[in-house]
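Working notes for the structure below.
The values are calculated or read from the model by the stated rules, or taken from the named source; none is laboratory data. What you are looking at is a predicted structure, and each value in this text was computed from that prediction instead of being measured. Please note: Cβ atoms are built from the backbone with ideal geometry, for glycine as well, and neighbour counts cover all protein chains shown. To get the accessible areas, we keep the full protein, side chains included, count just its heavy atoms, and leave off ligands, DNA and RNA. Shrake-Rupley method; radii C 1.70, N 1.55, O 1.52, S 1.80 Å.
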Amino acid sequence: MLEAMDVSVSFGGVHAVRAVSFRAEGRDITSVVGPNGAGKTTLFNVLTGFQKPNIGNVVFADRSIVGLKPSGIAALGLVRTFQKTEVFKGLTVERAVEIGTTCGRDFPMWQTVWPGAIGRARETARNEARRILQRCVLEDVAGEPCAALSYGEQRILEIALALAARPRLLMLDEPASGLNPTEARRLGDLITSIRADGVGVILIEHNMQLVMRISDSIIVLHHGEKIAEGTPSVIARDQRVVDAYLGGSGFAAA
Amino acid sequence: MKSRVSLPSWLALSVTALILLVLPRLIGTDYYLHIAIISLVFVILATSLDILVGYSGLLSLCHTAFFAFGAYAAALLFLHFQMSLWLTMFAGGVFAASIAWLLGLLVLSVRGHRFIITTVIFAEIGRLIAYNWTDLTQGQIGLSGIRPPVFDLPGLPRIDFSSREAYYYLALVVTTTCVTIIWRITHSPIGWRMLALRENEALAEASGVDTRRIATTAFVSSAFFAGLAGAVYAHYTGFVSPDLFYFTYTTTMLIMVFLGGKGTIIGPVMGAVLFTILPEALRVTANYRLMTFSAILLVLVVFAPEGLVGLFARIRRRFAGQGSVQDA
Amino acid sequence: MDLIPQYIFNGLVVGSSYALIAVGLTAIFGLMEIANFAHGQFYMLGAFFAYTLTRLLGLDFWTGLVGSVMGVMIVGVVLERTLFRILRGASLSSSVLATIALSIFLENLALNVWGPRPQKIPTPFETGSIAFAGVFTTPERLLMLAVTVVIVILLHVGLRHTQTGKAIRATFQQREAAALVGIDIDRLYTLTFAIGAGVAGLAGVLLGTIFVVQPAMGGIATLKAFIVVTLGGISSFAGGIAGGLLLGLAESFGAIISPAYKDAVGFILVMLVLLYKPDGLFGKRS
């Protein structure tokens, strides 16, 4: 579904990502792990069009997406969240998700004067939003302003907003950071349920317990390079991975 | 959307409509009708500026330039080709919109201060052109002799709009139409994308909003209505000059948007009406007028950034005791 | 072609006043992230204070100069302590609109106090004109240039070698960090405002001996200063100074091509810079 080929990014001579290749399948949870500064978010930015790679290609759904705008990539079904929580702060939860559902849909200007067109669009948006809020267990806070939500709820809301864009492959950047164990478990369940719906997930995450529990395959980045790839059980035994994590946050301990 | 309009709103709308329709009978004198017509023009300007400032979060300081471009286009088309307002309205709008599109190619790639500053500079460029291209614009003297239109279709009664009263009704129809369309744009998926742009540009992109495109849409449509208002103004006053480009006009429009409440339609409408009447009421202190205005704007921006609409909502919440969030 | 040195000279004189106004604007923006649309009013006030002290109260030029610069500094400090303290951390559009309102307020205040008629500040010099190296000039213009050079050197030395200067530069780089290492932000802001306003006021006094003094000059100065900082990069001192001189020169030469569009030259320059180098000629990408 998504394939990165020899992707390299450097900032002023410093390699953030170096010749990384990998594939993520459309029905899998693929996790990208690695110590801080390993280039995970940069890789995400390349895959979603927020950063141009110096070299390399990214193919999604059988077409190269390098050079497309983030919105164009999102429209193809590759939708991301951000490491730092990003929501539409001034809007209510319901409204934000409603808006999210219409973002990828074409609505030409002339339709604004077409009787009923706006009402229909709004109805569709409202139904879709209700469905998404239900599935993310956010219906109780639907009327609240996004900014009034707890941190944990905001992180879930981000996923709800991403789901509103109708992804075929969902990319989550550290969705569990800052969540307590209960919230993290809830998040894990949400992610697996998304996979169950046939939507692939690529996950950057430091919470190794979560990663080991739900991933189908794991990619390990270190200093911008891919040092290992495989199923959770393979990765846990990989000597290079253990070495890379030594001194930092102990991999075995996590 | 119809289901969302409550009974009291319908009542308020009907009463307002009725008052607007009989207004010329109520106020009678030409002077007050003049103020009414000018405030209608400013209603278009304020609501169209709100597309950018309120809904899209782009603080543009060149709205009056689009107004002026529309007015000049209308004036020139009338003076050279005897085109009536029926055509110059659209020509003025399209001309202003085209310029906005071109300018957008340049300035919509920058945000924040650079965007704001560039728009100020652009308005000045417009003024310099109007001032210096004397062959076309007669420079400082301005263009005069632009006449109101005459409605003359076979089989229908002929209406001459040169009387204040007739022009009032014309402006009322045009303004109502414009405000309705602006309302529909801002409350359609297009407007929702503008909100996404305003609230969080990166997230909007990630959600599939082509932010560059929606910013352009906002900029161009906002300019279209400003240009159209320019034509309505030109055919009413019969006179356009480079002064229309003055920053003071943009400030006036901004005060209207902020006074009423940005990011709403009713807000700028109220703001425009109030702020056209208020200066007239304050005529006694002509010398201190702009000082008073700027003080009002200052206080509004610092202490009541949500404007009158926000104030009403706060009062209503206090009485109803419910936490309703302002419909953006 | 013989006139080229003259054009360069004229451009530098006007450009140095732009630079003096832009320096304060840059400092305020760099420190507080507020684009002060009322900054040109400090320039206007400086000129009117000097006009009042010299022409109306009969003081000599140099006393008037010192007095009016101090007066403008006081206005700057008062505004910083009140309005700008409230605006700290406000949204971009709020701070822009508030300073626009302030600018209109001050301009109309001046209009009510001093009237709309253009005035002149009496010159302290006896000599009418000076000629050297093919350039005709006046002592007032030379003073303008000399003062600019002195101010630029003073600012440079102050920023590099004094404790406060270092603190200002540190705050420019990283505001949160500056607060953490114990820099007294409030004092710094007040000082920056005082200096920024004072330097703009000084430009007003000096230019008031060359051109005329009128309430509308502040708004134009703000516009020019914004062009300068957009040219030079909005948070760079060197950019502000270089941008000021560049704009002065561009306008001076633009006047050869078309006097009517002299002012448009700067505008077009800015548009081009924005198109090809959106962070300004000397700006670093943030």
Determine whether the range C:42-56 contains at least one residue that is free of Cβ contacts under 8 Å to residues at least 40 places away in the same chain, within 14 Å of another protein chain (Cβ to nearest Cβ), assigned to a helix (DSSP H, G or I) and in contact with a Leu (Cβ under 9 Å, 6 or more places away or on another chain).
no
Could you pull out the residue among C:141, C:117, C:160 that is charged (D, E, K, R), open to solvent by 30 Å² or more (accessible area, probe 1.4 Å) and under 28 Å from residue B:252 (Cβ atoms)?
C:117
Working only within the range A:203-236, note down all residues that are open to solvent by 60 Å² or more (accessible area, probe 1.4 Å), within 16 Å of residue A:38 (Cβ to Cβ) and charged (D, E, K, R).
A:225, A:226, A:229
Counting only helices (runs of 4 or more DSSP H) entirely within the range B:225-328, those with at least 1 residues that are within 20 Å of the chain's Cα centre (by Cα), modelled with pLDDT of 80 or more and closer than 23 Å to residue B:167 by Cα are B:247-260, B:266-281
Mind checking whether some residue in the range B:190-206 is of a type in the set (Val, Ile, Thr), under 22 Å from the mean Cα position of the chain (by Cα) and under 24 Å from residue B:88 (Cβ atoms)?
no
Cβ contacts < 9 Å: first residue over 13 Å from residue C:49 (Cα atoms), restricted to the range C:99-120; second residue of a type in the set (Lys, Arg) and part of a helix (DSSP H, G or I), any location; separation 6+ or different chain. Result?
C:108/B:289
Among the residues that make up the range A:193-202, is at least one of them surrounded by fewer than 20 Cβ atoms within 10 Å (Cβ to Cβ), over 30 Å from residue A:91 (Cβ atoms) and modelled with pLDDT of 90 or more?
no
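Matching residues to (1) open to solvent by 10 Å² or more (accessible area, probe 1.4 Å); (2) under 20 Å from residue B:247 (Cβ atoms):
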site	(1), (2)
B:104	no, no
B:107	no, yes
B:114	yes, yes
B:124	yes, yes
B:140	yes, yes
B:144	yes, no
B:152	yes, no
State which residue is farthest from residue B:21 (Cα to Cα) when the search covers only the range B:157-204 and only residues that are away from chain A (no Cβ under 12 Å), polar (S, T, N, Q) and open to solvent by 40 Å² or more (accessible area, probe 1.4 Å).
B:162
What number of residues within the range B:245-260 are out of contact with any Gly (no Cβ under 6 Å at 6 or more places or on another chain) and either open to solvent by 10 Å² or more (accessible area, probe 1.4 Å) or free of Cβ contacts under 8 Å to residues at least 12 places away in the same chain (or both)?
5
Taking the condition in a helix (DSSP H, G or I), touching a residue at least 60 places away in the same chain (Cβ under 8 Å) and not charged (D, E, K, R), does residue B:16 pass?
no
Residues of the range C:92-101 being more than 8 Å from chain B (Cβ to nearest Cβ) and farther than 19 Å from residue C:188 by Cβ, in sequence order, are C:99
Any idea which of (1) closer than 25 Å to residue B:257 by Cα; (2) surrounded by fewer than 24 Cβ atoms within 10 Å (Cβ to Cβ) is the one residue B:63 doesn't satisfy?
(2)
Where in the range A:67-171 are the helices (runs of 4 or more DSSP H), entirely inside, with at least 3 residues that are more than 8 Å from chain B (Cβ to nearest Cβ) and not charged (D, E, K, R)?
A:93-103, A:117-135, A:151-164
